[in-house]
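> Next up is a structure, given as structure tokens.
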Amino acid sequence: MPGSAKKFHSRHKFGQKKKNWRHNNFKRKPAPNECPNDEREPVASDGADGGGIGLTSSATESTASCSGRIRRDTRMLQPSELLTNKKRAEEKIRELETTAATKRKSDFLDGSEDAARPPADTTFTVVSLESVNELLLAVKCKTCGGNVQIAKGDREYDLAVKLMIECANCGDIASMWSSPRTSGCQKINPFAVNVLAARAMQSTGNRQAALNDIFAAMNISHRGMHKKTWQCYVKEKLMPAATRAAEKVLKRSADSVRQLYRELNIDNPNIAVSFEGSWMTRGHRSHIGVGAVIELFSGLVLDYVVYSNFCAGCERGPKDDDPSYPSWKESHRCQKNTDKKAGEMEVLAGLTLFQRSLEKHGLRYTTVLSDGDSRMYLALLESNVYGYIKIQKEDCVNHVEKRMGTSLRTAIGNHRGSRSESLGGKGKLIGDLVTKLTSYYGWALKSHKGDVEATHNAVMATYHHITSNDSEANHSLCPTGPDPWCRQNAAAAKGEPAPKHRHHLPPHVCEALLPIYERLADRKLLQRCQRGKTQNSNESLHSVIWSLAPKHRHASLFSIEAAVAEAVMRL
């Protein structure tokens, strides 16, 4: 060997192995937190995606009740069991689809108290002081036995007034405010009647000016509520209370969704949701954007977020070099929570909601129904929100249906050349025919759910039907039978002569329609529409939000957050 190193010699002969000594009667003692009989409790495991209904296997993870060991037991379901689960899930989905949205949501959240209902600790009634004094004629003064009456004092805060009990002989006896104060840690808490009046105005889409007008017309208070008082109530009382109540509703909704997916034989946290963003002002210059996630089958809101890229206080407040800036900054609550523009708020909202789904609800939004041109979905794919679990995209059939009308009108606008080359006009694509073709396309999408080939044939059948004429007809894809929508096939089934065609489109119009139909009949697109679902739930939520905070009025981030929270409780 090179060098002076000594050769290593083993103490055991070649081919022999040192055996670990162990007594024959030796038994390993179980760990303090280990079950002696290895008893395990089943734990739900991750199986199929939320898009696969009723097809999960009985694979479960078992964990020892007193140890951290996990054992995965898998039993493959028989074909008959899979078929039974699938039928049961499909029946449940059909039941949900045929139930009105309001009743469906109330059934899911049945037995829970209404979070939007104000507490009944104090009852308010509008009365006339003259009527009260008529009742007080039956009451005598404790001191002198004289008559007493109630009068308004000089002090008044918004709708709360100081009430004085006066004796005809003794004078003033006692006094009390017409409303109790709210609970809180402030030195002077606001009166409950003022806070409830502000909430009533906000819940009807009105503000402080409407409140003052109403109570002035009723001769209750001509002083009314100051604008700064209103803003303070919205920021300190209404928005926090609405947010807390909405969070309770979101938690109950998530629990109901988990129970629903267990009924659909899905024992994992993967669910299907719809997402859509909305903005406070029309156009692309809005400073406030809203995003919400709604479960696809139940219509329950699971989460929401509001973003603002503008703060009026920062714009009007003191600047950095102002001596009063430090004290102002300490008490200021900035309304700007993002630097994104209006078009990027939807993407940011989607990323935020999907990234916190596991932490907040223990759910994964693995199937999302969104707009066809949604940049949010591309951002989700790039960010790998759920790691190796990919998010599947579905399209709203209403939005896809509108593509037909948009494509036809665009084609008409692009071919406004000579009369022989134009697509619009008499005998060609007129407005009524465009509307009819759009409706036919939507009918084909919604009436063939679950069958891509049938949907594809139904879409192309409308093309061949509308481009057929008396000299050259093609109704091979039109439905057959005694009562189909195709008059030509209906006549053939009855053995009657074929009726004349209503439309005789020129050849160049038929050629211009073919690429549009081929693009909108693409099987990948139709595959994303197989559920036949829409974003009506999201649009309904947006409608309620902007009825509480009308778009034609300026609003702060706090008022929009309060409006969104109340809309979640109402929906």
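This table checks each residue for (1) at pLDDT below 75; (2) part of a helix (DSSP H, G or I); (3) among the small types (Gly, Ala, Ser); (4) crowded, with 16+ Cβ neighbours inside 10 Å.
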{"residue": "GLY47", "(1), (2), (3), (4)": "yes, no, yes, yes"}
{"residue": "ALA89", "(1), (2), (3), (4)": "no, yes, yes, yes"}
{"residue": "GLU113", "(1), (2), (3), (4)": "yes, no, no, no"}
{"residue": "LEU135", "(1), (2), (3), (4)": "no, yes, no, no"}
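> What residue, of ALA493, ALA458, is aliphatic (A, V, I, L, M) and either in contact with a strand residue (DSSP E or B) (Cβ under 6 Å, 6 or more places away or on another chain) or farther than 25 Å from HIS399 by Cβ (or both)? Let's see the steps before the verdict.
Details: ALA458 fails: either in contact with a strand residue (DSSP E or B) (Cβ under 6 Å, 6 or more places away or on another chain) or farther than 25 Å from HIS399 by Cβ (or both).
The match here is ALA493.
> If you go through region 339-350 one residue at a time, how many are buried (at least 18 other Cβ atoms within 10 Å of the Cβ) and either hydroxyl-bearing (Ser, Thr, Tyr) or free of Cβ contacts under 8 Å to residues at least 60 places away in the same chain (or both)?
2
> Just to be sure I understand, how many residues within region 159-183 are modelled with pLDDT under 80, small (Gly, Ala, Ser) and on the phi < 0 side of the Ramachandran plot?
Result for region 159-183: 1.
> Same structure, new question: Among the numbered conditions (1) within 22 Å of SER447 (Cα to Cα); (2) at pLDDT below 90, tell me where HIS554 comes up short.
Result: HIS554 passes all but (1).
> If we keep just the residues of region 91-109 that are within 26 Å of GLU247 (Cβ to Cβ) and among the small types (Gly, Ala, Ser), which is surrounded by the most Cβ atoms within 10 Å (Cβ to Cβ)?
Looking only at region 91-109, we keep the residues that are within 26 Å of GLU247 (Cβ to Cβ), and these are 96, 101-109.
Going one step further and asking which of them are among the small types (Gly, Ala, Ser), we end up with 101, 106.
Numbers: ALA101: 14, SER106: 11.
Residue satisfying both the conditions and the ranking: ALA101.
To keep it simple, each residue is scored yes or no on (1) in contact (Cβ under 8 Å) with a residue 40 or more places away in the chain; (2) assigned to a helix (DSSP H, G or I).
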site	(1), (2)
THR367	yes, no
LEU381	no, yes
VAL385	no, no
LYS390	no, no
VAL400	yes, yes
GLY405	no, yes
ARG409	no, yes
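> Working carefully through the options GLY413, GLY387, GLY450, find the one that is under 27 Å from the mean Cα position of the chain (by Cα), more than 26 Å from HIS501 (Cα to Cα), of a type outside the set (S, T, N, Q) and in the same structural domain as HIS504 (by TED's automatic domain parsing).
GLY450
The values are calculated or read from the model by the stated rules, or taken from the named source; none is laboratory data. All of these numbers come straight from a predicted model, not from anything done at the bench. Backbone-built Cβ (ideal geometry, glycine too); neighbour counts: all protein chains shown.
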